[in-house]
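Notes for the one structure printed next.
The values are calculated or read from the model by the stated rules, or taken from the named source; none is laboratory data. If you're wondering where the values come from, they're calculated on a predicted model, not measured in any experiment. Cβ placement follows ideal geometry from the backbone for every residue including glycine, while neighbour counts extend to all protein chains displayed. We work out accessible area using only protein heavy atoms, side chains counted, and drop any ligands, DNA or RNA first. Shrake-Rupley method; radii C 1.70, N 1.55, O 1.52, S 1.80 Å.
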Amino acid sequence: MSDRIDKATYSLYCNLPSQLLVQSVVNYFNSLKAGKFAELFGGNVFPYRRDDTEERVLPSLNVYSLGYETTGDFAYFLGNLRLEFNLPVKLIRDRQTEAGVVIGESLFLLTRNPDWLLTIMETVPALKELGTKISANYEPLYPREKDSLMFYVTMNYKVDIACYFDYLNEHGLDTSDPCKVADIVKVYNLNTKLDIS
């Protein structure tokens with residue numbers, strides 16, 4: 001069993017839509033393009049951390065995928081990202097709820113900036129929507145016995161599955177277990193030709 005656990009390196013599947021998207025969002029928040037968010041978090045934006053951030057790096061932001069559904073093999077991959085904001089309580093003692101509101105609504109405004117989507121689309125080429133639906137929960141959570149405050153924002157994303165298969169195929173990648181992308185693309189192209197004629 002330990003041999004199999006050692007082989008469970010998630011980089012085996014490093015070109016999945018949600019992984020590309022999570023890393024791109026993390027990179028965006030760690031860049032100067034994120035403006036005040038970059039100043040606030042100072043590079044402490046992480047993928048897939050889920051509340052294991054040490055107090056010394058607060059404030060921090062963890063980004064991970066909550067799940068997805070599909071609308072057909074050649075339609076859309078619809079999913080949600082969770083943005084988990086962690087703030088040190090000692091810095092916001094009297095304004096804990098307000099801190100969540102300010103960050104959550106600022107995030108809403110940030111996602112309405114065209115640069116937001118265009119920048120992330122550079123590394124997630126099949127992305128069609130990101131953050132068109134946002135939900136925020138300002139109810140405070142205290143994961144470390146009130147040393148830190150946590151709240152969540154959830155945003156949707158939409159990936160064009162056919163474009164994603166094309167992206168994989170163009171980069172010499174495949175889904176060889178369980179199937180080859182090249183075969184899926186052939187079927188897609190055949191269907192397209194049949195529709196035209």
Out of all the residues in the range 148-156, is one or more small (G, A, S), in contact with a Ser or Thr (Cβ under 9 Å, 6 or more places away or on another chain) and at pLDDT below 90? yes
Which listed residue, of K180, K133, is at pLDDT below 70 and open to solvent by 60 Å² or more (accessible area, probe 1.4 Å): K180
Can you name the residue in the range 18-49 that is in contact with a strand residue (DSSP E or B) (Cβ under 6 Å, 6 or more places away or on another chain) and at pLDDT below 85 and is also nearest to D115 (Cα to Cα) among such residues? F41
Mind listing whichever residues of the range 58-73 are β-branched (V, I, T) and either in contact with a helix residue (DSSP H, G or I) (Cβ under 8 Å, 6 or more places away or on another chain) or open to solvent by less than 20 Å² (accessible area, probe 1.4 Å) (or both)? V63, T70
Any idea how many residues of the range 158-169 are more than 15 Å from E122 (Cα to Cα) and open to solvent by less than 30 Å² (accessible area, probe 1.4 Å)? 2
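Among the residues of the range 105-127 satisfying the criterion of being of a type outside the set (A, V, I, L, M, F, W, C) and touching a Phe, Trp or Tyr at 6+ places or on another chain (Cβ under 7 Å), which is most open to solvent (accessible area, probe 1.4 Å)?
P125
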Taking only pairs six or more apart or across chains, which ones have beta-carbon atoms under 8 Å, a first residue in the range 79-104 that is more than 14 Å from V63 (Cβ to Cβ) and open to solvent by less than 40 Å² (accessible area, probe 1.4 Å), and a second residue that is at pLDDT below 80 and of a type in the set (G, A, S)? L87/A99; L87/S148; P88/S148; V89/S148; I92/A99
